[in-house]
1. Show which lysines lie in cross-link reach of LYS27 when reach means a straight Cα distance below 30 angstrom and same-chain residues fewer than eight apart are skipped.
2. Could you sort the peptides 40-53, 14-27 by per-residue average Cβ neighbour count (10 Å cutoff), highest mean leading?
3. Taking 0.36 nm per residue of sequence separation and subtracting the Cα-Cα distance, how much length would be gained by fully extending the chain between SER121 and ALA9, in nm to one decimal?
4. Taking 25 Å as R0, compute the FRET efficiency from the Cβ-Cβ separation of SER113 and GLU35 and round it to 0.05.
5. Would you kindly work out the equivalent ellipsoid of segment 16-60 from its C-alpha gyration tensor and give its semi-axes, the square roots of five times the eigenvalues, largest first in whole Å?
Amino acid sequence: MPRKKEDRAQAQRIAQRLGSRLRGMRKAGHRTQDEVSTAIGLTTEAYARIERGLSLPSFPTLMRLCVALDTRPDLLLLEEVAHDGAGEDVSTELAALNGELRHLDVKVVRDISRLARTLRSGGSIT
């Protein structure tokens, strides 16, 4: 743990943000803490402490979490993450969508991608 009071406070904020995002992504993927902890090789108790923001994972554990939850480290760690109108991390929704898209036919994923680009550019769907 960091020695300076400011560093400890920052580490605590990071742990809480990370835990909140992990919980959101886990729930968006309809997975239990037990399922995720098994996938990353931790006890359920150890994973629950990370999700509650009480501890930070090691780098290898963080990378296993990214694989298990199909996300990237930056979406878990960076402060600047887009939020929807209700204040939820968009990264949670993106992770859930990414998990669903992985099981679709490539043509369907391309069509969805084109649709998203059209909507983003202000085009209409006809």
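1. The qualifying lysines are LYS107.
2. 14-27, 40-53
3. 36.2 nm
4. Calculated transfer efficiency: 0.30.
5. 14, 13, 9
Computed from the coordinates by the stated procedures, all read-outs in this text should not be read as laboratory data. The model shown is predicted, which means the values in this text are computed figures rather than measured ones. Every residue, glycine as well, gets a Cβ built from its backbone with ideal geometry; the counts of neighbours run over all protein chains shown.
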